[in-house]
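Here's the structure, in structure tokens; my notes come after.
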Amino acid sequence: MSSDITGTAAWQKLRDHHARIQSVHLRELFDEDPARGHELTVSAGDLYIDYSKHRVDRATLEALLDLARSADLEARRDAMFAGQHINTSEDRAVLHTALRLPADASLTVDGQDVVADVHEVLDRMGDFTDRLRSGQWRGATGERISTVVNIGIGGSDLGPVMVYRALRHYVDAGISVRFISNIDPSDLVRTLHGLDPATTLFIVASKTFSTLETLTNATAARRWLLDGLGLGTDAVAKHFVAVSTNADRVAEFGIDTDNMFGFWDWVGGRYSVDSAIGLSVMAAIGRERFAEFLAGFHAVDEHFRTAPLEENAPVLLGLLGLWYSNFFGAESRAVLPYSNDLVRFAAYLQQLTMESNGKSVRADGSPVPASTGEIFWGEPGTNGQHAFYQLLHQGTRLVPADFIGFGEPTDDLPTADGTGSMHDLLMSNFFAQTKVLAFGKTAEEIAAEGTPEHLVPHKVMPGNRPSTTILAPKLTPSVIGQLIALYEHQVFVEGVIWGIDSFDQWGVELGKTQAVELQPVLTAAESPAAQSDTSTDSLVRWYRRQRGR
Ligand code: F6P
């Protein structure tokens, strides 16, 4: 077991760096080292990443890399790629990187050729989606399927939703996808509104096939289908397929396991969009585009696996995340994609990063001696600019931000005056924001513009607010795969340094159990026994009165 990272010489050195650099402004850092804007950059696949607007100098970066070495990062990374059981609390390998290995690669884990298994499922997914997309697979009335509804939650929902929205332009066979996740019945009712059961196919996506939300929604969807078709239960086979690791439960639910696409316990839910969980995405964009999506992940996997630490994008960005969390006391990181098609990217990252690293004990059960788990949040620019950027610019909190932008737009239109393009306007906002966050505007500069004295303090832009700029040529299937892998590996880097198990999620279990226990308390005809605390007791009684019980 790794030793307490905060007791290492590398950690102590970073404390000293922090004491020195915390009062140094980014303006000074750029004055002292003007080349940093060209040199503190890194490429990973098609991604060009500028990390020069961070509150570090080159010596700080060296110290951060020493910290990574002290935590044995390279050996831990190699252990993950090799399929060792690094998810110790569940005694599992962590092999999402195997999901994107090319067919001619080989990796044997626990005596099993996982690459062959992965490609066998990919081929089955490809055959199924080919049939769906060509109209060969038809519903029970003989009509073509035009809508796929994915029923899943957490990792069985957020990835497919985010990627489907991001790749809107690649939806090319007349199949649109909708998503149902919440156990709030409004989600299902709203999503199914206007759909024709005859042309609708459901994918029930659940790693465990035991998740209350998903099974409840799938049962309600089956009822909707059978009521709508009026053809008897045989119709289910033409309208329901499953994605899961649990064939027994799929069969128990009434879905033919011939119509099931499997994956493995070494794929964490939040790392599963590139497994069969991505079936809805493949249905929409086709198997070739899905292969490009996987190749994008693989390009960044290879970068992470082989690039020296000082040129390794996930390593550098993970270390910078930790720098602000543990030394500056930053609580959160904003993710600001300048692409409306990435509207669900922050929500996706919330599960990926916070379910992975929201832990307070280390892998050996001892308390983590530093704060863990950055809080990720964000919205696409420019909407965010007109909402919360005020706090980013002038608030008292330090919020490091990731800006994600694209050279080529997915859509473009002329500006109102016809002299330019809306994408250029979007991107001029993008560059302006990172510039203003870093360099701000001083009281002297503001006063020199003739601003009345009493307004000067209100208008001062302090700057010194760090950001990473991530640029990609275009939002393609490959690029979205690259972006996801970039964040997956940052999570890993942080988790290794904190010494936590980033691949379990015990913290979500108790709420699930207590919800099951509370349901009869809410619905029983007779007055229930008192709850163990008076707050929950009064709340439950309030609810029962509302429901006439
Ligand atoms: O509740 C958390 C969680 O276990 C996630 O980790 C997972 O992505 C989600 O629930 C859904 O689980 P499943 O795919 O097994 O339905």
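Shape class for the range 1-140, computed from the alpha carbon gyration tensor (a ≥ b ≥ c): oblate, with a/c not under 1.5 and a/b at or below b/c. Counting heavy atoms of the protein chains alone, L65 has an accessible area of about 0 Å² for a 1.4 Å probe.
Assuming a ≥ b ≥ c are the square roots of the Cα gyration tensor eigenvalues, decide whether the range 325-482 counts as rounded (a/c under 1.5), prolate (otherwise, with a/b larger than b/c) or oblate. Write down the numbers at each step before the final one.
Working: a/c = 2.95, a/b = 1.19, b/c = 2.48.
Because a/c hits 1.5 or more and a/b fails to exceed b/c, the range 325-482 counts as oblate.
Which pairs break 20 Å Cα to Cα here: K207/K512; K207/K359; K207/K474; K207/K238; K359/K512?
The answer is K207/K359; K207/K474; K207/K238.
Any idea how far the Cα center of the range 7-67 sits from the one of the range 114-158, in Å? First find each Cα centre; the distance between them is then 46 Å. Rounded, prolate or oblate: which one fits the range 431-549, using the alpha carbon gyration tensor with axes a ≥ b ≥ c (rounded when a/c is under 1.5, else prolate when a/b beats b/c, else oblate)? Since a/c reaches 1.5 but b/c is at least a/b, the shape of the range 431-549 is classed as oblate. Applied to the range 437-450, the Karplus parametrisation 6.51 cos²θ - 1.76 cosθ + 1.60 on θ = phi - 60° returns per-residue 3J(HN,Hα) values of 4, 6, 10, x, 8, 7, 4, 4, 4, 6, 4, 5, 8, x Hz, with x for Gly and Pro.
Rg/Rh, computed from the Cα trace of the chain with Rh as the Kirkwood radius, has the value 1.00. Within a straight-line Cα-Cα reach of under 27 Å, K441 can be paired with the following lysines, leaving aside sequence neighbours fewer than 8 residues apart in one chain: K53, K459. The average projected area of the range 80-192, computed from the convex hull of its Cα atoms over all directions, is 10.0 nm². Computed from backbone phi, the HN-Hα couplings of the range 293-310 come to 4, 5, 5, x, 4, 4, 4, 6, 4, 5, 4, 4, 6, 10, 6, x, 3, 6 Hz, rounded to whole numbers (Karplus: 6.51 cos²θ - 1.76 cosθ + 1.60, θ = phi - 60°; Gly and Pro given as x).
Estimated purely from DSSP H runs of n ≥ 4, each contributing -39500 (n - 2.57), the mean residue ellipticity at 222 nm for the chain is -13500 deg cm²/dmol once divided by its residues.
Only protein heavy atoms count here; on that basis, with a 1.4 Å probe, E517 has an accessible area of about 110 Å².
Counting only Cβ charges, +1 for Lys and Arg and -1 for Asp and Glu, the dipole size of the range 400-470 around its Cα centre is about 320 debye.
Between 0 and 90 degrees, the angle of helix 114-134 with respect to the longest Cα principal axis of the chain falls at about 70 degrees. Per-residue 3J(HN,Hα) values for the range 21-33, derived from phi via the Karplus relation 6.51 cos²θ - 1.76 cosθ + 1.60 with θ = phi - 60°, read 8, 4, 9, 8, 8, 4, 4, 5, 4, 6, 5, 6, 9 Hz in sequence order (x marks Gly and Pro).
Relative contact order, whole percent, for the chain stands at 19, derived from Cα pairs under 8 Å and 6 or more residues apart. Compared with the rule-of-thumb size 2.2 N^0.38 Å for a compact globular protein, the range 214-254 has a Cα radius of gyration ratio of 1.17.
The values are calculated or read from the model by the stated rules, or taken from the named source; none is laboratory data. Owing to the predicted nature of the structure, the values given are computational and were not obtained by experimental measurement. Here Cβ is always computed from backbone atoms with ideal geometry, including for glycine, and neighbour counts include all displayed protein chains. Heavy atoms of the whole protein, side chains included, go into the accessibility calculation; ligands, DNA and RNA do not. Shrake-Rupley method; radii C 1.70, N 1.55, O 1.52, S 1.80 Å.
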